[in-house]
Each structure stands twice: as structure tokens, then as C-alpha cells.
Amino acid sequence: MNSSASMARLMLISAAALFAIAPAAANASLFGGAGVVYTDFDDGGNDSRYGTRIYGGYDFFRVPLVFRLGLEGGYTRTGSFDDDGDTRYNNWDAGLQGTLTTLPLVNLHARAGYEWGDSDGGMYAVGGSIGVLPLTRIRAEYQDRNDFQAGMLSIQVSLP
């Protein structure tokens, strides 16, 4: 088994273990979202395209009105990078995310993790979100992935 498959398996087992013990934590919550990503590959060519991303997560630790810590995983599909429309990246990712919630409407977050699929390797993301309804936020994020960078704009919904 190659190292990327081993790493992916380890991350999935770790995530499952955290989900199993997390309900004991006070104020835990689920969230999910979908959005548009704008990708730019590292090869220097003119290959920036729009794609899509879906994600979900679980905040297993909270300090009310200050901080949340949780896991987030998602799936990203880039736009086509060649004339025949065949070259796309399809990647899964999982990581640990911390969120500052000290501002009334704005949250700031950072995430570090691993992606696998058409491109395997470490990734990180930083961004923020603005509350538009009690359980709904508009989220913007910069992602630096193994082979490309991406900007994401999405709608995120949380369960209380």
C-alpha cells in the first residue's frame, strides 16, 4: 500500500474516532455547505477555472463566543483544464479546523489537513464567514493545495 493511501486511511480512522467520542463534548455541532471554487494550478500556464466544492464538519469543542475546534472534510472538483474537457481534479480532503468567533457577525477560521484523489498531499486554508441568518453563513476561503490554489465562496448551514 502506498503512503498516500495509508495516510488517507489513518485520517479516516482518526476522524471516525473523534466523531465517536465528540458527542460527550458540550455545545458540539454539525455544519455543511456547498460553493464555487476558482482554481489556479502551479504550472504557470493559463489554466485557471471554476469548479465546485461540498463540505461538512463537526465542531467537537467550543468556548462560547470565543473559539470552536473541529474536523472538516470535503470534495472538490475543478473545472476542465484542457480543450477536450477531460482534465479535471477530483479530490477529497480532511483536516482540523479552528474558528475564532469573537466578532458579532464575522468568524475567522484556519484549517490544515490532507487531500487525496487526483492529487495527494498536505493542504491548508484560511478564511472567514458572515452570518446572514441564525444558522446560515456566507463563507469565503483561500485554499493552498498540493497542486493548485483555490478561492472558495459558499453557503454554510449549521445544526444547533
When you check G95 against the structure, is it buried (at least 19 other Cβ atoms within 10 Å of the Cβ), within 13 Å of G51 (Cβ to Cβ) and touching a Phe, Trp or Tyr at 6+ places or on another chain (Cβ under 8 Å), yes or no? no
Check whether at least one residue in the range 39-48 is open to solvent by 30 Å² or more (accessible area, probe 1.4 Å), at pLDDT 90 or above and in a strand (DSSP E or B), and report yes or no. no
Run down F61, F31 and say which single residue is modelled with pLDDT of 90 or more and either closer than 19 Å to L135 by Cβ or charged (D, E, K, R) (or both). F31
Between residues in the range 137-160 that are farther than 16 Å from G79 by Cα and touching a residue at least 60 places away in the same chain (Cβ under 8 Å) and residues that are open to solvent by 10 Å² or more (accessible area, probe 1.4 Å) and assigned to a loop (DSSP other than H, G, I, E, B), which pairs lie under 7 Å by C-beta distance while being six or more apart or on different chains? V157/L135; S158/L135; P160/L135
Please count how many residues of the range 106-135 are free of Cβ contacts under 8 Å to residues at least 60 places away in the same chain and either in contact with a Pro (Cβ under 6 Å, 6 or more places away or on another chain) or open to solvent by 30 Å² or more (accessible area, probe 1.4 Å) (or both). 14
Can you find a residue that is more than 19 Å from D59 (Cα to Cα), out of contact with any Lys or Arg (no Cβ under 9 Å at 6 or more places or on another chain) and β-branched (V, I, T) anywhere in the range 124-138? yes
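The values are calculated or read from the model by the stated rules, or taken from the named source; none is laboratory data. Keep in mind the model is a prediction, meaning the values are calculated, not measured. Please note: Cβ atoms are built from the backbone with ideal geometry, for glycine as well, and neighbour counts cover all protein chains shown. These area figures cover heavy atoms from the full protein model, side chains too; ligands, DNA and RNA do not enter into them. Shrake-Rupley method; radii C 1.70, N 1.55, O 1.52, S 1.80 Å.
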